[in-house]
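Worksheet: the structure to be examined is printed underneath.
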Amino acid sequence: MIESRAIRIALRIASALVLAFLYLPLVVLAIYAFNDSRIQAWPPAGFSLRWFGEAASNPGVIKAVTTSLIAGSVATVLALVLGTMAALAVHRFRFFGRETVSFLLVLPIALPGVVTGIALQRTFKTFDINLGLMTVIVGHATFCVVIVYNNVIARLRRLPSSPEEASSDLGADIWTTFRRVTAPRLGTALLSGALLAFALSFDEIIVTNFTAGPGTQTVPLWILSAIQRPNELPVVNVVAFVLILASVFPVWLAQRISGAETAGARL
Amino acid sequence: MFQRRFGGVLAVVALVAAACGPAASSTAPTAAATGAAPTGAAATGAAPTAAAPTVELPSAVGPGEGSLNLVIWAGYAERGAVDKAYDWVTPFETATSCKVTTTDMSDSNNGVSLMQSGQYDGISASGDATARLIQGGIVAPVNTALLSNYAKVFAGLKGLPHNTVNGISYGVPHGRGPNLIGYNTGKITPAPTNWDPIWEGGSAYKGKISIYDSSIFIADAALHLMRTKPDLGIKDPYQLTKPQFDAAVALLQALNANQPTYWSGVTDQVASYTSGDVVIGTTWQYQVNLLQTDKQPIQAVFPDEGSTGWSDTWMIAKKAAHPNCMYLWMNHMMSAQANGQATVWFGEAPTSPEACAYAETIAPGHCAQTHATDEAYYAKVHYWATPQTDCADTDAATTCVSQDDWVSAWTTLRGG
Amino acid sequence: MTTDVSRPREQREAPEGRDPPVPRAAPGLRRRLAIWLHGRRRVQLGLLLGTPLGWLAIAYLGSLFILLLSAFWTKDPFTGNVEPFTWSLRAFELLLGGDVYRTVALRTIGMAALVTVTDALLAFPIAYYMARIASPRTRNALVIAVLLPLWAAYLVKVYAWRTILQGNGLLEWVLTPFGIESQGLKSLANSWLVLSYLWLPYMIVPVYAGLERIPRSFLEASADLGGRAGTTFRRVLLPLVFPALVAGSIFTFSLTLGDYITPDLVSDAKFIGNVIYDNSALGNPPLAAAYSMLPIAIMTVYLLTARRLGAFASL
């Protein structure tokens, strides 16, 4: 018992306060999602579910959700491919500049998002590339690569390489070895990397604000524009609340999946 | 083998040549007018080099392309989301199958910047955007003969300098209105009659003044100086010599000391009036209408000394991906019902007698209130215009502060 | 899937799960490519590494390079059209000539430092509790509890604070009985509050990891040698956890430095990110590009310093 009782109690209280602070806005938002009135005053006048119905049938919301799903899926697939390739390369081969590669991959999320956003926008405009869904996907894929990379390389470092060696000894070529030996062993790392990348893409706004064209609205972009329309605010509350649930769930799932692999890898 | 390859290459070259060929041929309406006229006429003031626009029957506007991307002022394209009675977009979409998507601009600088991306078909441009759009080659001239509703527009709104260059029209009018003083009747009596409460009387309302967040507001300071400091010799609040400009900026800095709240979104200003955070400020009739519908004690007044204002034009982008839909939209927005609804909704003056008549049915007295036919009223309104280094006059000796410097001065004022 | 090795290969039954034979043409090419690649480790490496690095080089580094170049391009003063590859120093002249840019920069850096310190202070107690006092079950629950708000979408959290801080919102409702007037969405303090909130989990996690790594024996030894809580904290704990604090600060500092959405939604004051965004939207892209060199330079220095202080080992 290094810490005195008083300190322990103080720390317990401080932790509780910090947790309350962390959850306050989320709880308030949840309450507002069920707020009956159109006016955003506190305390809420009454409770109802009617805005959920309105949100589900709002054409702007539906279009935004579709756009976000498409952008997220394509960006995740790209990130999976690129991130896995990079992780395999860094893990399996010794080459000059290995640490630089990790640094390079981290750069898109290490530098402030506004810089990434304006850099991409300026480049697209210079080469006359129209801003639209493709440019959004390019932006998302670029910073999702490192997420997949981190997950895969962490897993690769824990796995012995003997199964791959055995596989080639038995005559499998590199594609077969990857498909039937490596990929299944990476399985949950790929899955959790994909979930994390998808979640990141789904709620990204800072860079997307620069790379989306006039007709392209992801869910966060829709929220940003709807904030300016007071009539849409109740729907915004609902969409925001659902977005919390939708972004928390995949990441929690990823945590469960990759967290469960603590015993190391055995076939 | 060689012949097949060669033929293939020929085919590719032909395709590329066709794609890169004159764009005019693919857009039905403005076949002859695009190309030589805009940059030549606007930049050098020379006589238009293109032939007069070919008169085409309205049916020459081709079928709608299926969608339309517009840059608009908030409230200019309603589809009944706020009030079911005000929807002039859905009837358009039903009639033409052009699905409308809109982007709100916060001010004209934002609008010009959005149009520069080349991804929009049209814009409802105010006079401080039109010159840049025309001279920058971003918008194309309009063949008004193709627009059946154009003939009915008030004569006083046709051929105005901010959207017409050497007789060539670059857009169709949407509506016009003044910037007004919006004040809380509960807190301020009697009603203000001039701009003094904002400028000289600012300290009485410290922290509770609402000011439009755009470089164009410097003109409002200049306008006030026209009355209070006549020896500065300001004739046009948008074309200011350096000493005049500095005086206007100094006035704004004095205003800044009273901690005004700057608004760029209509919703933000409405919210600040509603919550009582501001009691007086510059506003549009649109916000006042929204506040009064919400039973807020806010009134608008047009001061005796005049005001800045705007006369908006629908313009079509030169690189519009959906030019036919844009022509259909321009015609639609001059129709009695659409223009009547739109101008009543925003609180601006309609553009034709028919629109006025329609407006009377949904808001009696609207045309009289907005002085739609009262040119004497609008003589006191200085429409937003673009500051130009040549002062937009024929006197080569005068130089005025440029648009760029207006924006710089405003940024410095706001950011410090 | 067991393989019966007691009988010769030709007589064994095919194990379950073996794929049916595939047509000849496809594996022919794949097989030949695989044979060619086998042993050519360099080529394998080149392909494996080259693709993602190529993407990053073109899409990311390439665009950063174009951004850097564009700071030197001219912009037509009247129409605002940017003319690529035509050079001028106008953007930098404007930046150096205007006081406002210096003010905004200092305000942003100051806020980033303030948010970092605030988060460090807020994170430490809960991280310490999680790392050293809580039972393993509580600890796991707390880790999830701290990470959960991090996963919720950024914009949603800012929007939630906006509803709390706006006129007639929760804050006003709480303050009114005390007669304190809420500033609504104008005050700079709003940005401080919301930014500290947003990045707090980013600070808690590394500090927690850093505190967990400290062996109990260190603290016990310090107590045995007569050190009271304050001394132990100051002279043993703090130096040991310092790299973790620096690691956490990378996030809080960098994310505050570039943020433009939060200041826009909850306050009136402009930050570096706002100037960049506004100028790219309002028609002075070279100025926006020139100004963005500032956060890049600041973060590069910060990251290099952090690396020397050992923060990267704690990430």
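Since every read-out is calculated from the coordinates, none of them should be taken as a lab result. The model shown is predicted, which means the values in this text are computed figures rather than measured ones. With ideal geometry, Cβ positions are generated from the backbone for all residues, glycine too; neighbour counts draw on all protein chains shown.
Structure above, values below:
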| item | result |
| --- | --- |
| Relative contact order (%) - criterion: Cα under 8 Å, at least six apart; region: segment B:295-383 | 31 |
| Of every Cα-Cα pair in segment B:308-369, the percent that sits beyond 17 Å | 44 |
| Principal axis dimensions, segment B:139-296 - Cα atoms, whole angstrom, descending | 53, 44, 27 |
| Cα pair distances in segment C:71-228, grouped into 5 Å bins until the bin that holds the longest one, percent each | 2, 7, 10, 11, 12, 11, 11, 11, 9, 7, 4, 3, 2, 1, 0, 0 |
| Whole-percent pair-distance distribution, where bins are 10 Å wide, for the alpha carbons of segment B:216-299 | 16, 38, 28, 16, 1 |
| Cα-only radius of gyration and Dmax that characterise the protein assembly as shown, units Å | 31.9, 113 |
| Kirkwood-type radius of chain B, with distances r between different C-alpha atoms, in Å | 22.7 |
| Radius ratio Rg over Rh of segment B:98-144, counting only Cα atoms, Kirkwood formula for Rh | 0.95 |
| Distance histogram for segment A:142-259 (every C-alpha pair counted, 5 angstrom bins, percent rounded to whole numbers) | 2, 10, 15, 15, 14, 11, 9, 8, 6, 5, 3, 2, 1, 0 |
| Dipole of the protein assembly as shown [Lys/Arg +1, Asp/Glu -1 at C-beta], most positive-end residue of B:Ala338, B:His366, B:Val112 | B:Val112 |
| Given B:Lys84/B:Lys380; C:Lys157/C:Lys270; B:Lys208/B:Lys242; B:Lys84/C:Lys157, the pairs whose alpha carbons are separated by over 25 Å | B:Lys84/B:Lys380; B:Lys208/B:Lys242; B:Lys84/C:Lys157 |
| Gyration tensor (alpha-carbon) shape descriptor, segment C:40-128, a/c threshold 1.5 | oblate |
| Centroid-to-centroid separation of segment C:34-108 and segment A:44-85 [C-alpha atoms, Å] | 31 |
| Scaled radius of gyration (Cα, divided by 2.2 N^0.38 Å) that segment A:35-179 gives | 1.54 |
| Residues in segment C:133-149 that a label on C:Arg216 would reach, taking backbone N under 14 Å of a point 7 Å out along Cα→Cβ | C:133-136 |
| Proximal aspartates and glutamates to B:Lys152, defined as alpha-carbon separation beneath 20 angstrom and excluding residues fewer than eight positions away on the same chain | B:Glu56, B:Asp312, B:Glu348, B:Glu354, B:Glu360, B:Asp374, B:Glu375 |
| Cα centroid separation, segment A:125-191 to segment B:102-127 (Å) | 42 |
| Cβ charges +1 (Lys, Arg) and -1 (Asp, Glu), total dipole of chain A, debye | 440 |
| Relative contact order of chain A, defined on C-alpha pairs under 8 angstrom at six or more residues apart (%) | 29 |
| Inter-chain shielding of A:121-131 (mean C-beta neighbours from other protein chains, 10 Å cut-off) | 6 |
| Two-decimal ratio, segment B:319-416, of alpha-carbon radius of gyration to 2.2 N^0.38 Å | 1.53 |
| Fluctuation leader among C:Val156, C:Val43, C:Val174 - chain C, Gaussian network, Cα springs under 10 angstrom | C:Val43 |
| Sequence-distant residues sharing a close amide H with B:Val165 (under 5 Å, placed H) | B:Tyr170 |
| GluC sites (Glu not before Pro) restricted to DSSP loop in segment C:128-228 with at most 10 other C-beta within 10 Å | C:Glu181 |
| Cα-based shape type of chain C, given that a ≥ b ≥ c are square roots of the gyration tensor eigenvalues and the cut on a/c is 1.5 | oblate |
| Convex hull per residue volume in Å³, alpha carbons only, for segment B:122-184 | 123 |
| Selection from B:Ala300, B:Pro230, B:Val270 lying farthest towards where the dipole of segment B:221-301 points positive, charges on Cβ | B:Pro230 |
| Computed log₁₀ I(q)/I(0) - Debye formula, equal Cα scatterers, no solvent, segment C:181-297, q 0.11 Å⁻¹ | -0.57 |
| Placed amide H near B:Tyr383: partners under 5 Å, 5+ positions off or other chain | B:Gly309 |
| Residue of C:Ser217, C:Ser88, C:Ser267 that the Gaussian network model of chain C assigns the largest fluctuation, springs spanning Cα pairs under 10 Å | C:Ser217 |
| Dipole magnitude (debye, nearest 20) for segment B:300-416, charges at Cβ of Lys, Arg, Asp, Glu | 520 |
| Likely footprinting exposure, A:Ser225, C:Ser222, A:Ser162, fewest C-beta neighbours within 10 Å first | A:Ser162, A:Ser225, C:Ser222 |
| Cα centroid separation, segment C:202-243 to segment B:321-372 (Å) | 73 |
| Most fluctuating residue given options B:Asp213, B:Asp196, B:Asp121, as computed from a GNM of chain B linking Cα atoms under 10 Å | B:Asp196 |
| Shape category assigned to chain A from the gyration tensor of Cα positions, a/c cut at 1.5 | oblate |
| Other protein chain Cβ atoms within 10 Å, averaged over every residue that makes up C:116-129 | 3 |
| Farthest toward positive dipole pole in segment C:153-241 [+1 Lys/Arg, -1 Asp/Glu at C-beta], among C:Ala209, C:Trp192, C:Leu240 | C:Leu240 |
| Rg in Å to one decimal, and Dmax rounded to a whole Å, for segment B:228-368 via C-alpha atoms | 19.2, 51 |
